[in-house]
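The values are calculated or read from the model by the stated rules, or taken from the named source; none is laboratory data. In this text the structure is predicted, and so the values were computed from the model without any measurement. Cβ: placed from backbone, ideal geometry, glycine included. Neighbour counts: every protein chain shown. In case anyone asks, the SASA skips ligands and DNA or RNA and just uses the protein heavy atoms, side chains included. Shrake-Rupley method; radii C 1.70, N 1.55, O 1.52, S 1.80 Å.
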Amino acid sequence: MQFELTEQQRMIRDMARDFANTEIAPIAAELDHTERFPAEIVKQMGELGFMGMNVPEQWGGAGLDMVCYALAMDEISKACASCGVIMSVTNSLVCWPLETYATEEQKQEWLAPLARGEKLGAYCLSEPGAGTDAAAQSTTAKKDGDDWIVNGMKNFISNGANADTLIIFAQTDPELKHKGVRAFIIPTDAEGFSVIRKEEKMGIRASDTAQLALDNVR
């Protein structure tokens, strides 16, 4: 089957390639060596629309198709895998579930700033004793009036040490196992949230991988 890119897809690919070659590639080795989070690059990617590529414009995104996203991701990742991870986590693991499952009010409050690149997101499923087994979650969320109280620990969380917004998975009814797990939107300035440590990695070091703790986060 023959496949040709549209004019828009070629434009996005070329824009991402030029940005990656000019702004990212020259400092990629330094970022990896020093483990420095590339905040200035992330800000620029947000301004270019790369942090909410598939999110509709009404919620702050670029409103582009998946091919545009894949092309841009390819060019960014060729220059620096760390920048590619940071971009993909916010696009795929944070913006997508918010766009798909959040209420209109939640989309305006939480999705729009992420899609515009004003805030950074992290997806928090993995745990020290459970890995990515959602049914074995030990993080809990208990109802307290109109609030939920979340307690637990998350492990190997990409963007965890630099994120503004978390999607946290927690068990609300252990008897239901995986059907009792819910997702909660939690800002990292919430009382009781803390970053325990950043992992020391062999590569992709400018993208932080962190262990997080939630202590009676309301």
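Brief remarks on what is shown
- Computed about its Cα centre, the charge dipole of segment 1-41 is approximately 120 debye, with only Lys, Arg, Asp and Glu carrying charge at their Cβ.
- Solvent-accessible surface of segment 53-119, taken per residue with a 1.4 Å probe and all protein chains present: 44 Å².
- Label-to-label distance, Glu105 versus Glu199, with points set 7 angstrom from Cα along the beta-carbon direction: 3.7 nm.
- Both radii come from the Cα set of segment 16-137: Rg as radius of gyration, Rh as Kirkwood radius; their ratio Rg/Rh reads 1.01.
- Panel note: the C-alpha atoms of segment 108-218, placed on their principal axes, show extents of 40, 33, 22 Å (largest first).
- Amide H contacts of Asp208: Asn159, each under 5 Å away and 5 or more positions distant or on a separate chain (H built 1.01 Å from N in the peptide plane; Pro and chain starts excluded).
- Full extension of the chain segment joining Ala39 with Ala25 gains 3.5 nm, where the gain is 0.36 nm per residue of separation less the Cα-Cα distance.
- Distance between segment 43-62 and segment 185-216 - C-alpha centres, whole angstrom: 24 Å
- Sequence-distant aspartates and glutamates (8 or more away, or on other chains) whose Cα lies within less than 15 Å of Lys198: Asp32, Glu35, Glu127, Asp208
- Charges were assigned to the Cβ only: +1 to each Lys and Arg, -1 to each Asp and Glu. The resulting dipole of the chain about its Cα centre is roughly 460 debye.
- Cysteine residues of the chain whose C-beta has no other cysteine C-beta under 4.7 angstrom: Cys68, Cys95, Cys124.
- Result for the chain in a Gaussian network model with C-alpha springs under 10 Å: among Asp74, Asp208, Asp133, the largest mean-square fluctuation is at Asp133.
- When its C-alpha radius of gyration is set against 2.2 N^0.38 Å (N residues), segment 72-122 gives a value of 1.20.
- Stokes-Einstein D in µm²/s, Kirkwood radius over Cα pairs - segment 93-164 at 4 °C with 1.567 mPa s viscosity: 94 µm²/s
- Beta bridges by DSSP in segment 78-203, antiparallel share as percent, to the nearest 5: 70 percent
- Placed amide H near Leu120: partners under 5 Å, 5+ positions off or other chain: Asp164, Thr165
- Restricting the calculation to Cα atoms, segment 8-88 yields a radius of gyration followed by a Dmax of 12.2, 39 Å.
- Alpha-carbon Debye profile of the chain, log10 I(q)/I(0) at 0.11, 0.12, 0.14, 0.17 Å⁻¹: -0.56, -0.66, -0.87, -1.17
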